[in-house]
1. If a residue has to be among the polar types (S, T, N, Q) and either at pLDDT 95 or above or touching a Gly at 6+ places or on another chain (Cβ under 9 Å) (or both) to count, how many in segment 199-222 make the cut?
2. Of the residues Thr223, Thr212, Thr283, Thr239, only one is within 16 Å of Ser306 (Cβ to Cβ) and either of a type outside the set (A, V, I, L, M) or not assigned by TED's automatic domain parsing to the domain that holds Asn327 (or both); which?
3. Just to verify a result, which residue in segment 295-334, among those that are basic (Lys, Arg) and over 21 Å from Pro269 (Cβ atoms), is surrounded by the fewest Cβ atoms within 10 Å (Cβ to Cβ)?
4. Pairs please, first residue from segment 188-210 and on the phi < 0 side of the Ramachandran plot and of a type in the set (Asp, Glu), second anywhere and part of a helix (DSSP H, G or I) and at pLDDT below 90, Cβ atoms under 8 Å, 6+ apart in sequence or on different chains.
5. Go through segment 203-234 residue by residue and tally those that are of a type in the set (A, V, I, L, M), in contact with an Asp or Glu (Cβ under 8 Å, 6 or more places away or on another chain) and under 17 Å from Arg173 (Cα atoms).
6. Among residues belonging to segment 78-95 that are modelled with pLDDT under 80 and assigned to a helix (DSSP H, G or I), point out the one that is surrounded by the most Cβ atoms within 10 Å (Cβ to Cβ).
7. Tell me the residue from Ser242, Ser246 that is modelled with pLDDT of 95 or more, polar (S, T, N, Q), more than 28 Å from Ala190 (Cα to Cα) and surrounded by 20 or more Cβ atoms within 10 Å (Cβ to Cβ), please.
8. So which of Glu337, Glu268 is of a type outside the set (Gly, Ala, Ser), surrounded by fewer than 22 Cβ atoms within 10 Å (Cβ to Cβ) and over 20 Å from Leu192 (Cβ atoms)?
Amino acid sequence: MLLHSSRNFLKDKRATIATTFAVSIIPVLICMGVVVDYSNLVRHRGKVTHSADTALLAAAISIKEEGLIGGDAAAVAKKLGSIEQRLDEVFRDYFAANMSDDLTLDLGKIDLAYDPKTGESEVKVSFSYKPYFVGVLGLETLDVTVGSAVVVGPDQGGAVSIFLVLDKSGSMRQHNKMRSLKIAVGNMSAQLELSDPDHKFVRMGAAAYDSTMASKRALMWGTTPANYYVQRLGAYGGTDSSRAVSTARSQLRNRREKRLHKEKNGQEPEKFMIFMTDGTNNTSRSDTKTMRSCDWAKADEIEIFSVAFKAPARGQRLLRYCASSENHYFNADNSAELLKAFQQIGASVSAKVAISQ
């Protein structure tokens, strides 16, 4: 009888503990869910904000290139309808392209405006995020509005220095990868040329790598020398990005670069590195050295865009690490996505040339 009572007691105790645990775990799960939803919301907000910034800058360049701005405010005000129409067309094209890989958001209203007195273009984009976990608290959607603004100068541009770090290993021979890369770089170069036809504000260089770094193209005015270097690349050998990334950093942080811009355009350049691979380094030691150079480059205020072109997981991790932010990282699974990635990077950098300082 005593044994039977003990067993019942143990069963009752276990049941009580199980009930208590089940009740207490619910708040914990809700808190974890809130954290997950908040992290997702921050990520989506960052993506929308970056996409809006890039699209607005591209739209600002377009009204500058078409001669819709310039002159006094009264003259510009007469063209306000055409300016805002052009801003809207270009903005929506670029914004849609930037957001094409994120179908989880319900995008809402897009408001664009141009102020002829200040030359400022402004956009506000609203979107709704459907939380996975916060819904249990009665919040079915979270509504967010992000904004962006840019001032376009008709006569003055911003100074930029860009250095390309490109994979030319043997795997780039497969599936026309090298041909796609050359087209992507050529298209981006054309974008930059439109922003700086007189070669006063843009300097570009390049270094390609396989098991070692090929001869580099030092930074020069305009994009033609670096683009010519890229168009002549072949694909062979293994993969080691460390020296090429280190070279890019050295070129961009060189005091001579700052002096040359100061002499020609009176400005201190914004510095950009574009790092691309389709594979993985042959050794983890090369990864470590590459990451160290990326850390140092960021400390030198060099903005790093990275593009993984059909790269395996380890290569993607390296490029994601080196990118200045999640929005600076592009994962291209095919040639079309590679072209789009370089187009978006080109728009971001070109827009810097269009912003009045």
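The values are calculated or read from the model by the stated rules, or taken from the named source; none is laboratory data. Keep in mind the model is a prediction, meaning the values are calculated, not measured. Cβ atoms come from the backbone with ideal geometry, glycine included; neighbour counts cover every protein chain shown.
1. 2
2. Values: Thr223 fails: within 16 Å of Ser306 (Cβ to Cβ); Thr212 fails: within 16 Å of Ser306 (Cβ to Cβ); Thr283 fails: within 16 Å of Ser306 (Cβ to Cβ).
After ruling out the rest, the residue left standing is Thr239.
3. Step one: filter segment 295-334 for residues basic (Lys, Arg), giving 298, 310, 314, 317, 320.
Now restrict to residues that are over 21 Å from Pro269 (Cβ atoms): 310, 314, 317, 320.
Working: Lys310: 20, Arg314: 12, Arg317: 15, Arg320: 14.
Taking the candidates together, the pick is Arg314.
4. Hits for this filter: Asp196/Val353.
5. Here the count works out to 1.
6. Checking each candidate, the answer is Leu80.
7. That would be Ser242, the only listed residue that is modelled with pLDDT of 95 or more, polar (S, T, N, Q), more than 28 Å from Ala190 (Cα to Cα) and surrounded by 20 or more Cβ atoms within 10 Å (Cβ to Cβ).
8. Glu337
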